[in-house]
Amino acid sequence: MVWCPPPFLPISDSMNLTSRPLRLTLYTLLILAGAALAAGFAMRHAERQALVEDAARANEQLALYANSLHTLIERYRALPAVLALDPELIAALDGPLGTEQQGALNRKLEKINGAAQSSTLELLDRTGLAVAASNWRLPSSYVGHNYGFRPYFMQTRSQGTGRFYAVGVTSGIPGYFLASAVHNSAGEFLGAMVVKLEFPELEREWRQGSDTLLVSDARGIVFIANQPGWRYRYLQPLSDADRAELQATRQYDKQPLTPLAYQAVRRFDDNSYLARVDGPDGEQDYLWESLPLTAEGWTLHLLRKPQAALEDSRNAGLAAAGAWLALVFLLLFLNQRWRLARLRQRSREELEKLVEERTRDLRTAQDGLVQSAKLAALGQMSAALAHEINQPLTAQRTQLATLRLLLDHGRVDDAHKALGPLDAMLTRMAALTGHLKTFARKSPSGLRERLDLAAVVDQSLHLLEARLRDEQISTTLHLARPAWVQGDAIRLEQVLINLLRNALDAMADKPLKHLEIRIEADQHLWRLTVADSGGGIASENLNNVFDPFFTTKPVGDGLGLGLAVSFAIVHEHGGRLSVANIPGGALFTLTLPIALEVSAPC
Ligand code: ADP
């Protein structure tokens, strides 16, 4: 393929980049750069698009996770409130509690806990001391421990209900504490009924997906995570007040809190962004979706590795680069075609110009030739005329001198006799000029009349009647009548007389003198033939008889103009004149178009 610059990047020759390989390299580099740009742009766009779509999907999933967490908590929300109404529990807190009564309470809570499938149930008195608990049998039993410092207890005492996520100070197991106040019939605050929920199952369930799921508290501390290493990381800096409060409430007790370093790379909205996280698995990009759980004051996070997005963007990049290259090659192809078409057009134009020039040259040459031919003809004619006229003129001068002498001597009779040759010579000269006049004469269009060719033959025979009789010519006529043609009667008669005279000349010394004239129709033509018994024409002369000044007759007898003039006349009438030899003589054939009956005479 012939390489050519793309039309969108015109580089003028004046840029001195005339070296073809250099230009080729430059264009190749430009095309590749364009492909890289297109790929880069498409990749970024596709990546962003894929990320946005992925984020929307992750957000939907996040809502499902939030829902499962919410449902789990809701299932137990009413449990402490219902138990707080239990008269047995109220009685236990209202009066002094005996060991037996305490044991019965412990067992009761244990049973209810088992039935409700909660983690732990405990009953706190008005100071926050655990008087009974479902885990009374375990070494980590709450019984006897005071939880008055826990926020859920303080909330319950002041507001009637309380909730708090914390690591158990006794068990060391984190959980969500839901508490409800226990009042006596007088409405006095007696203590709190507390249910503790742990989420090991939820975490296990969440662990099944490849996403990282985190729940952070209002301070941004992650307390639930489905992957190891993420728990007890704080997402935002903790203030001194925060730390003091954490200390006081022992919310995460002895668990060390470490920051989670991350940086938003691209933000889609407030709760959706692409982040570079220095997590437990090292630095990694995550699609980070957050959903605030307003009821608990928590935030649920979903972190997803944006792998699909990368793959999609790579494909988009390749596709864009491919499309770019296809476009470039298409443009190159079109450009090439356009150039070829232009080249072809230019070649055609040049060729046309050349043909025009050559035609003009030829015409000029032809004109020149015609001119030369004319000049040659003029020269020939002049020579012939000079020859034909000079001789009689000289003779006439001599004759005139003789005449004058005779008249001087009074020899009138001799002078009279001498006039004879003079007359003959003048007649001959008149015949010569007559021929030339016929030749030169252009028939005015008015003389084109509808005439009968047979009548023209009749008239010509009539004019030659004396000679035919004198030379004893036998004549046969087969004339179709009327043979209508369109033309000039006088000129056609001239043709006929020429043909007949030639025939008579040819038969002059022949013993058999027979003339046959025919007129017959041949399709749309009239064919007139004049056949004689004059011995015909020598084969080498057959092609020349129509040439001007061609004659085989002795000087003084023939001018060689008869047939040339006749040929021209017939031609002018739209007909043809030809000659052929027949046994014993020559046959001249004249054809003329048949004039239609309908055409009125002009
Ligand atoms: P010219 O009669 O003055 O010679 P034409 O042009 O009429 O001139 O004829 C040219 C020549 O053609 C004649 O000289 C003669 O040789 C030849 N020719 C014409 N008609 C006949 C004929 N019927 N038979 C033989 N020769 C002929």
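If the condition is being in contact (Cβ under 8 Å) with a residue 40 or more places away in the chain, assigned to a loop (DSSP other than H, G, I, E, B) and more than 9 Å from the ligand (Cβ to nearest atom), then the range 540-572 contributes Val555, Gly556.
Restricting attention to the range 490-529, report how many residues are of a type in the set (Val, Ile, Thr) and free of Cβ contacts under 8 Å to residues at least 60 places away in the same chain.
Here the count works out to 2.
Among all residues of the range 75-91, there is at least one that is more than 15 Å from Leu178 (Cα to Cα) and not in a helix (DSSP H, G or I). The residue list Arg126, Arg157, Arg150, Arg163 contains one member that is closer than 17 Å to Asp86 by Cα, touching a strand residue (DSSP E or B) at 6+ places or on another chain (Cβ under 8 Å) and of a type in the set (D, E, K, R), which is Arg126. Scanning the range 521-538 turns up one or more residues that are over 26 Å from Ala595 (Cβ atoms), modelled with pLDDT of 95 or more and charged (D, E, K, R).
Restricting to the range 573-589, and then to whatever is away from the ligand (no atom under 13 Å from the Cβ) and surrounded by 14 or more Cβ atoms within 10 Å (Cβ to Cβ), can you tell me which residue is nearest to His514 (Cα to Cα)? Restricting to residues being away from the ligand (no atom under 13 Å from the Cβ) and surrounded by 14 or more Cβ atoms within 10 Å (Cβ to Cβ), the top hit is Arg576. Only one of the listed residues (Val182, Val194, Val215) is surrounded by 12 or more Cβ atoms within 10 Å (Cβ to Cβ), under 60 Å from the mean Cα position of the chain (by Cα) and either within 26 Å of Ala116 (Cα to Cα) or at pLDDT below 90 (or both). That residue is Val215.
Within the range 287-342, count every residue that is of a type in the set (A, V, I, L, M, F, W, C) and farther than 29 Å from Ala50 by Cβ. Write out each step before concluding.
Step one: of the range 287-342, the residues of a type in the set (A, V, I, L, M, F, W, C) are 287-288, 291, 293, 295, 298, 300, 302-303, 308-310, 316, 318-321, 323-334, 338, 340-341.
With the extra rule that they be farther than 29 Å from Ala50 by Cβ, the set shrinks to 295, 298, 331-334, 338, 340-341.
Residues that pass the stated criteria total 9.
Say whether the condition of being more than 30 Å from His571 (Cβ to Cβ), part of a helix (DSSP H, G or I) and modelled with pLDDT under 80 is met by at least one residue in the range 427-436. No, the range 427-436 contains no residue that is more than 30 Å from His571 (Cβ to Cβ), part of a helix (DSSP H, G or I) and modelled with pLDDT under 80. Annotation note: of Arg163, Arg107, Arg150, Arg157, the sole residue that is in contact with a Phe, Trp or Tyr (Cβ under 9 Å, 6 or more places away or on another chain), at pLDDT 90 or above, buried (at least 18 other Cβ atoms within 10 Å of the Cβ) and basic (Lys, Arg) is Arg157.
Given the criteria farther than 25 Å from Thr475 by Cβ, crowded, with 22+ Cβ neighbours inside 10 Å and modelled with pLDDT under 90, does Leu561 qualify? Judged against the criteria, Leu561 is a match.
Note on the range 449-533: enclosed strands (runs of 3 or more DSSP E) holding 2 or more residues that are in contact with a Ser or Thr (Cβ under 8 Å, 6 or more places away or on another chain) and within 16 Å of the ligand (Cβ to nearest atom) are 514-522, 525-531. Scanning the range 120-137 for residues that are of a type in the set (A, V, I, L, M) and within 13 Å of Lys196 (Cβ to Cβ), we see that the one that is surrounded by the most Cβ atoms within 10 Å (Cβ to Cβ) is Leu123. Residues in the range 284-323 that are in contact with a strand residue (DSSP E or B) (Cβ under 8 Å, 6 or more places away or on another chain) and of a type in the set (Asp, Glu): Asp285, Glu289, Glu296.
Put simply, of Glu245, Glu311, Glu283, Glu289 the only residue that is of a type outside the set (S, T, N, Q) and in contact with a helix residue (DSSP H, G or I) (Cβ under 8 Å, 6 or more places away or on another chain) is Glu289. Taking the conditions (1) farther than 23 Å from Lys510 by Cα; (2) surrounded by fewer than 17 Cβ atoms within 10 Å (Cβ to Cβ); (3) β-branched (Val, Ile, Thr) in turn, Thr552 satisfies each one other than (1). Against the numbered list (1) in contact with a strand residue (DSSP E or B) (Cβ under 8 Å, 6 or more places away or on another chain); (2) closer than 20 Å to Asp278 by Cβ; (3) not in a strand (DSSP E or B), Pro228 comes up short only at (1).
The values are calculated or read from the model by the stated rules, or taken from the named source; none is laboratory data. These figures come from a predicted structure and were not determined experimentally. Every residue, glycine as well, gets a Cβ built from its backbone with ideal geometry; the counts of neighbours run over all protein chains shown.
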